[in-house]
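Asker: Before I ask anything, here is the structure I am working with.
The values are calculated or read from the model by the stated rules, or taken from the named source; none is laboratory data. If you're wondering where the values come from, they're calculated on a predicted model, not measured in any experiment. Note that each Cβ is placed from the backbone with ideal geometry, even for glycine, and that neighbours are counted across all protein chains shown.
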Amino acid sequence: MSRIGVFICHCGENISRTVDVARVAAEVGKLPGVAFSTDYKYMCSDPGQTLLKKTIQDQKLSHVVVAACSPRMHERTFRKAVEAAGLNPFLCEMANIREHCSWVHENIEEATVKATEIVGMMVERVKKNRVLPTITVPVTKRSLVIGGGIAGIQAALDIADGGHEVILVEREPSIGGHMAQLSETFPTLDCSQCIMTPKMVDVANHPKITLYTYSEIELVEGYIGNFQITIRKKARSVDEDKCTGCGVCMTKCPIKKIPNKFDCNLGMRPAIYVPFPQAVPNTPVIDRDNCTKFKTGKCGLCQKVCGPGAVDYEQEDTLIVEPVGAIVVATGFDLYTIAEKPKGSPIKGYGEFGHGKIPDVIDGMTFERLASASGPTGGKILRPSDGKEPKQIVFIQCIGSRAREKGISYCSKVCCMYTAKHTMLYHHKVHDGQAYVFFMDARTPGKSYDEFWRRSIEEEEAVYIRGMVSRLYQKGKKIVVMGSDIAVGVQVEIEADMVVLATAIQPQAGADTLAQKLGISYDKYNFYSEAHAKLRPVECATAGIYLAGACQGPKDIPDTVSQASAAAAKVMALFSKDKLEREPIVARVKESACVGCFACKKVCAYGAIEEKEIRDRQGNLVKVVAYVNPGVCSGCGTCQATCPSKCVELDGYTDEQIVAMIEAL
Amino acid sequence: MHTEKPKNSFEPKIIAFVCTWCTYAGADLAGTSRMQYPSNVRVLKFPCTGRIDPVFILKAFQQGADGVLVSGCHPGDCHYIAGNFHARRRFAAFRKLLEFIGVDLNRLQFSWVSAAEGGKWVEVVTDLTERVRSMGPMVEFKELAMEEQWSGTIDTPELKEAYNQI
Amino acid sequence: MTQPIDESIYTAVTVAIQAEAQRILSEGLVTAVVGYASARRKGSTQPIVITDAALAEKLIFTPACVNNLAVYLTKAKKEIPKTGRIGIVVKGCDLKALVGLMGESQLKREDLYLIGVPCIGVLGSIIQPDTAFTSDSIAPKCRECDAHLPLGCDFVPSQQPITPELEKKYAAEIDRLEAMTPAERWAYWKEQFSKCIKCYACRQVCPFCFCEQCLCDRNKPQMVETTPRPAGNFAWHIVRAMHLTGRCAGCAECERACPMDIPLNLLNRKMAKELKDLYEYEAGFEVNAKGPLTMFTEKDDQSFIK
């Protein structure tokens, strides 16, 4: 038989003003199972909690109901107090007679009746409460970072500096990402590679970081603290251990005219190559699609010239399994290729701006490569078509971004600033040139950002034209840009030598596939979704997975680095304990009744439900049932409502508890 | 502000099934903002609308509820990613079933009330209470519960004849 | 007006089924064939499990072959040899149940050898199994059947089912009930459900009621009153209809098995109709990874939610 103690709080006068608390205590005292009931001025106060603890011991109470404010306010307080008195915290329930009763009703009679019923309901519920032990799961204190751009590098370095092992996986042959491609960075105009490459070297040299480049995530299994990651290390055709990075193979390779993706296809590279001279690791990779040896079986020059004998044409993809406890996803962004309409995509292309057709219409990243001292032109701004210096240059902002009719409604955030930077770089390099910028409005929030933008106009002589471009066409060697200046209300026509489009930032291709492997959610643009837009911006809803950088949404470098460090801090907080403790509000399967229809598995948003084989002593398969992984389950209970035979039950919200409440009414 | 209600008039019993993250918090906000609404509603807290089984609604009616409210997070706001989306389908089907059985759907309300919508909570609860009050008691299930008729009663000529032949 | 239905193709269908069963058993493709055989009363049939090729000639197909044999593969699976592939004779409606069961991980396609029946319909009732097969005696489900020729079977006799156009009784009845007021519908169902004796024949015969522990038998907590009183009857039939929503493909075995003639399949068909309207979902045509109530789209109708 239960010995339930009921404590009715006055909350000063907040409750007792409209609820006759003494009468409620007397009424519920008559309910079967209630051994003790009283009212008290402030239950949450120290004396109130002492009263609670003392009564539990004196009266040998088995369950407790505290009728006071919302459980959202003080459930934790009272459960702690109950625990201190030696009862399992989950044998304590709160009845909300303040927010849901005394504060919303004026009539004392009505409020008192309602309060009595609310308390009575919770008394019936608490009778069915079970002792719930805290769930602990072990933590593997190693972390996986996916993506070797600035976000992934920062997160990896921070976690590794914190003393934990990091596995860094990068899809390209080198880490560095987009930041390595940039010329200078706003708002300080410091050279991107000068600040980036030391970090890349740090990653390569860090004893706690294992780097897998030219590798992709094949499979993700497990849950927070206990992931198993299968990594596909693609065949590089060069043995990383043997290669010294001397580069002779690259100079001898007879195939030299392959457009280099790193240089936005402006420069050329051989078939055996590193994407850029500062690549980490400095180990070349053979582009098997363009290599003569792989295409025809002849050549093999690189192998002949390689002193250490590192070139290995027989190399195959290898699968590596790494156990980790946390995952940081930092897969970054790509620029929207406006020329093509992606197949099946709701996003429409911008064929009208001639990108991909007119050679001197380029995107922002291509301009970065032109402006970069290590770029294909050695830092000279030259037209891709004829290598001449453009004297009139037009920048067009918001290409793709903020264009709902084209399918992207968001702002890409960085384009206003980098276009301002481009006008400055242009002005520094082409002194007699003139830059024009077509813009909708300039968005420059950020430290020293607006000052930077104003400088581009006031000191660097960029002409900003508020309005969009209506038409753009080639006329001889010029590109005619027609648009309207809505500030003045006139039509503008500029004969430009080069046009730079600030194209929208999009998640990397394949972001959705990776999200499905990880079991994390993503929005309609494939940006990954954070658990809470304001309060949990670096965590995924899937426990143990964190986000860093532009894979979550357009971001500039400082924001990306901040988020990467924040994700690292989250990982280290997770690793600060040997075992994870979590609230035991999780679902459990009654295996004897489960018929394995897996309706529960179908509705589980967390992938917490697995298929479990039940075998007899001889090892014969008896049946396959559902199994809830308590480390992954978040306790929503959708599985239970879906299960036809209710053989999966959510602890803390069992059918018995709920039906007891309904029947109490 | 409250108009005097005539004594002994029908006061409906309203049971609300709500999720803890949005609607329960919204109801808390109504309290913190000292908004006023009819005292007929009794709130049952669930982690998520996804946990709410249609059987609970049936059970509530059988236990004498005159009106039932199911309320949770707006689409996209679910604390558990998609529980409310599953609930939406489940209840879209279940209300059609109840309607076909002959339950007046004016007694069954579904709503999305966020943690910020204290005012909406008050509006939803007040509207439902007033609507159900004007409809009168939900007699159907109550009558059923009172009926002790044993369904094996031989009350048709065919059954009587068959019985006599045994 | 009563018009006879030509059932002559069933003679050829029977021969074809026998030959195929004989072949797959003797070739060892399957360990057993579940089908229909003659029973003692004139015209009556009964389900049979054949494991010996020599007995394949026992198999028949007639308008009295009403049973949905799919139920033998789930609930009665203990009756069937555990190892090896099983052959089963299926009408279009039975196949829909099998398709649903595959989607719910209860059966695997590769474990089955499906012998499809080109079906022109079966009798509505086999209380008098030698009743003439006419537009009156045909089962109501066959009047609105959309699967006379089962698709995706391993073997289907070549006969083409030619069926007369008949008035759709379920559809008409659903329309009639929908036009009523809630109170009138309540009165209708109250009368129907008051007949229920809670024999659970509907549960027993339903291929989808495969739970080992039925929610309605539970007593901790008691979700549904178990006594055959009106209150318990209502609860049972509502829960049953809800649990079959999105799964039932309308084999109407519940209704046939009901000794009290409660129009049970009407509820299931009404729900199927609603799901088709709401989510363009029709059960039983393809093996789906998720059923309509275990999936969602963000754009689902929410006009009923305030």
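Asker: Of these, A:K555, A:K577, which one is more than 15 Å from the chain's Cα centre (by Cα) and either in a loop (DSSP other than H, G, I, E, B) or free of Cβ contacts under 8 Å to residues at least 24 places away in the same chain (or both)?
Answerer: Details: A:K555 fails: more than 15 Å from the chain's Cα centre (by Cα).
A:K577 is the lone residue from the list that is more than 15 Å from the chain's Cα centre (by Cα) and either in a loop (DSSP other than H, G, I, E, B) or free of Cβ contacts under 8 Å to residues at least 24 places away in the same chain (or both).
One line per residue, one yes/no per condition, for (1) crowded, with 21+ Cβ neighbours inside 10 Å; (2) assigned to a helix (DSSP H, G or I); (3) among the basic types (K, R):
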position	(1), (2), (3)
C:K220	no, no, yes
C:A235	yes, yes, no
C:R256	yes, yes, yes
C:M260	no, no, no
C:K273	no, yes, yes
C:K276	no, yes, yes
C:A283	yes, no, no
C:E286	no, no, no
C:M295	no, no, no
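Asker: Here's another thing I want to ask about it. Residues that are surrounded by 21 or more Cβ atoms within 10 Å (Cβ to Cβ) and more than 14 Å from chain B (Cβ to nearest Cβ): which strands (runs of 3 or more DSSP E) entirely in the stretch A:581-665 hold 2 or more of them? Don't jump to the end; show me each part of the working.
Answerer: On the way: elements: A:587-589, A:609-615, A:621-628, A:648-650.
Those strands (runs of 3 or more DSSP E) span A:621-628.
Asker: Residues A:V104, A:V113: which one is farther than 30 Å from A:Y223 by Cα, hydrophobic (A, V, I, L, M, F, W, C), in a loop (DSSP other than H, G, I, E, B) and within 13 Å of chain B (Cβ to nearest Cβ)?
Answerer: That would be A:V104, the only listed residue that is farther than 30 Å from A:Y223 by Cα, hydrophobic (A, V, I, L, M, F, W, C), in a loop (DSSP other than H, G, I, E, B) and within 13 Å of chain B (Cβ to nearest Cβ).
Asker: Residues C:I17, C:I48, C:I24: which one is assigned to a strand (DSSP E or B) and either in contact with a strand residue (DSSP E or B) (Cβ under 9 Å, 6 or more places away or on another chain) or at pLDDT below 95 (or both)? Give the steps one after another, and end with the answer.
Answerer: Numbers: C:I17 fails: assigned to a strand (DSSP E or B); C:I24 fails: assigned to a strand (DSSP E or B).
One residue alone meets the criteria, C:I48.
Asker: Considering each of A:A568, A:A608 in turn, give the residue that is in contact with a Pro (Cβ under 9 Å, 6 or more places away or on another chain) and touching a residue at least 12 places away in the same chain (Cβ under 8 Å).
Answerer: On the way: A:A568 fails: in contact with a Pro (Cβ under 9 Å, 6 or more places away or on another chain).
That would be A:A608, the only listed residue that is in contact with a Pro (Cβ under 9 Å, 6 or more places away or on another chain) and touching a residue at least 12 places away in the same chain (Cβ under 8 Å).
Asker: Could you tell me whether any residue of the stretch A:316-332 is surrounded by fewer than 19 Cβ atoms within 10 Å (Cβ to Cβ) and more than 25 Å from A:V203 (Cα to Cα)?
Answerer: First pass over the stretch A:316-332, keeping only residues surrounded by fewer than 19 Cβ atoms within 10 Å (Cβ to Cβ): A:316-323.
Now restrict to residues that are more than 25 Å from A:V203 (Cα to Cα): A:316.
Yes - at least one qualifying residue is present in the stretch A:316-332.
Asker: Also, I was wondering about something else. Cβ-Cβ below 6 Å, separation at least six or inter-chain, first residue in the stretch C:163-192 and away from every other protein chain (no Cβ under 13 Å), second β-branched (V, I, T): which pairs?
Answerer: As it stands, the answer is C:T163/C:I120, since those pairs meet every condition given.
Asker: Right, here's the next one. Select from the stretch A:517-552 the residues that are surrounded by 21 or more Cβ atoms within 10 Å (Cβ to Cβ) and at pLDDT 90 or above and list them in ascending order.
Answerer: A:F527, A:Y528, A:V538, A:G544, A:I545, A:Y546, A:L547, A:A548, A:G549, A:A550, A:C551, A:Q552
Asker: Also, I was wondering about something else. Could you tell me which residue of the stretch A:126-181 is nearest to A:T210 (Cα to Cα), considering only residues that are outside any loop (DSSP other than H, G, I, E, B) and basic (K, R)?
Answerer: Only one residue tops the list, namely A:R142.
Asker: Give A:R76, A:R142 a once-over and let me know the one that is out of contact with any His (no Cβ under 6 Å at 6 or more places or on another chain) and under 30 Å from A:A564 (Cα atoms).
Answerer: Going through A:R76, A:R142 in turn, just one is out of contact with any His (no Cβ under 6 Å at 6 or more places or on another chain) and under 30 Å from A:A564 (Cα atoms): A:R142.
Asker: Would you mind stating whether A:K601 is of a type in the set (D, E, K, R) and closer than 22 Å to A:P537 by Cα? Steps first, please.
Answerer: Working: of a type in the set (D, E, K, R): yes; closer than 22 Å to A:P537 by Cα: no.
Considered against the rule, which asks whether it is of a type in the set (D, E, K, R) and closer than 22 Å to A:P537 by Cα, A:K601 comes out as no.
Asker: With the stretch A:1-101 as the region, which helices (runs of 4 or more DSSP H) entirely inside it contain at least 3 residues that are over 46 Å from the mean Cα position of the chain (by Cα)?
Answerer: A:21-29, A:46-58
Asker: Just checking: which of the helices (runs of 4 or more DSSP H) contained wholly in the stretch B:81-166 hold 3 or more residues that are crowded, with 20+ Cβ neighbours inside 10 Å and at pLDDT 90 or above? If you could, list the steps in order and put the result at the bottom.
Answerer: On the way: elements: B:83-101, B:118-135, B:139-146, B:157-165.
Counting at least 3 such residues, we get B:83-101, B:118-135.
Asker: Given the condition aromatic (F, W, Y) and assigned by TED's automatic domain parsing to the domain that holds A:E649, answer yes or no: does some residue in the stretch A:518-534 qualify?
Answerer: Scanning the stretch A:518-534, I find no residue that is aromatic (F, W, Y) and assigned by TED's automatic domain parsing to the domain that holds A:E649, so the answer is no.
Asker: I would also like to ask the following. Can you name every residue in the stretch A:363-375 that is surrounded by fewer than 21 Cβ atoms within 10 Å (Cβ to Cβ) and over 29 Å from the mean Cα position of the chain (by Cα)?
Answerer: A:A373, A:S374
Asker: Which ones in the stretch B:13-55 are facing chain A (nearest Cβ under 8 Å), under 29 Å from C:N233 (Cβ atoms) and either outside any helix (DSSP H, G or I) or among the acidic types (D, E) (or both)?
Answerer: Listed by number, the residues that qualify are B:K13, B:I15, B:R42, B:L44, B:F46, B:I52, B:D53.
Asker: Does A:F276 count as in contact with a helix residue (DSSP H, G or I) (Cβ under 8 Å, 6 or more places away or on another chain), assigned to a helix (DSSP H, G or I) and not charged (D, E, K, R)? Full working, then the answer.
Answerer: On the way: in contact with a helix residue (DSSP H, G or I) (Cβ under 8 Å, 6 or more places away or on another chain): yes; assigned to a helix (DSSP H, G or I): no; not charged (D, E, K, R): yes.
No: the conditions fail for A:F276.
Asker: Right, next: Condition check: assigned to a helix (DSSP H, G or I), over 24 Å from the mean Cα position of the chain (by Cα) and among the small types (G, A, S). Does A:A442 satisfy that?
Answerer: In short, no.
Asker: Just to verify a result, which residue in the stretch A:197-206, among those that are in contact (Cβ under 8 Å) with a residue 40 or more places away in the chain and out of contact with any Gly (no Cβ under 7 Å at 6 or more places or on another chain), is farthest from A:A573 (Cα to Cα)?
Answerer: Top of the filtered list is A:T197.
Asker: Would the stretch C:203-210 turn up any residue that is part of a loop (DSSP other than H, G, I, E, B), surrounded by fewer than 19 Cβ atoms within 10 Å (Cβ to Cβ) and either in contact with a strand residue (DSSP E or B) (Cβ under 6 Å, 6 or more places away or on another chain) or more than 9 Å from chain B (Cβ to nearest Cβ) (or both)?
Answerer: Initially, the stretch C:203-210 is screened for residues part of a loop (DSSP other than H, G, I, E, B), giving C:206-210.
Filter again for surrounded by fewer than 19 Cβ atoms within 10 Å (Cβ to Cβ), leaving none.
The answer is no; no qualifying residue exists.
Asker: Quick one: what pairs do we get from the stretch C:199-223, first residue closer than 11 Å to C:W236 by Cβ and in the same structural domain as C:A235 (by TED's automatic domain parsing), second acidic (D, E) and not in a loop (DSSP other than H, G, I, E, B), C-beta under 7 Å, 6+ apart or different chains?
Answerer: C:M223/A:D655
Asker: Kindly indicate the residue of the stretch A:45-84 that is surrounded by 18 or more Cβ atoms within 10 Å (Cβ to Cβ) and small (G, A, S) and also nearest to A:V24 (Cα to Cα) among those meeting that condition.
Answerer: A:A67
Asker: Assuming C:K270 fulfils every condition listed in (1) under 26 Å from B:F85 (Cα atoms); (2) modelled with pLDDT under 95; (3) more than 14 Å from chain A (Cβ to nearest Cβ) apart from one, which condition is it?
Answerer: Going through (1) under 26 Å from B:F85 (Cα atoms); (2) modelled with pLDDT under 95; (3) more than 14 Å from chain A (Cβ to nearest Cβ) one by one, C:K270 breaks only (2).
Asker: What residue, of A:A605, A:A593, A:A587, is of a type outside the set (D, E) and within 24 Å of A:H63 (Cβ to Cβ)?
Answerer: Of the residues listed, the single one that is of a type outside the set (D, E) and within 24 Å of A:H63 (Cβ to Cβ) is A:A587.
Asker: May I pose another question? So A:Q563 fits all but one of (1) crowded, with 19+ Cβ neighbours inside 10 Å; (2) within 11 Å of chain B (Cβ to nearest Cβ); (3) touching a residue at least 40 places away in the same chain (Cβ under 8 Å); (4) out of contact with any Lys or Arg (no Cβ under 6 Å at 6 or more places or on another chain); what number is the exception?
Answerer: So the condition that A:Q563 fails would be (2).
Asker: Which one is farthest from the chain's Cα centre (by Cα), of the residues in the stretch A:456-466 that are closer than 28 Å to A:K388 by Cβ and surrounded by 13 or more Cβ atoms within 10 Å (Cβ to Cβ)?
Answerer: Of everything passing the filter in the stretch A:456-466, A:E461 is farthest from the chain's Cα centre (by Cα).
Asker: Just for the stretch B:95-140: of the residues that are in contact with a strand residue (DSSP E or B) (Cβ under 9 Å, 6 or more places away or on another chain), more than 20 Å from C:R185 (Cβ to Cβ) and of a type in the set (A, V, I, L, M, F, W, C), which one is nearest to the other protein chains (Cβ to nearest Cβ)?
Answerer: B:F110
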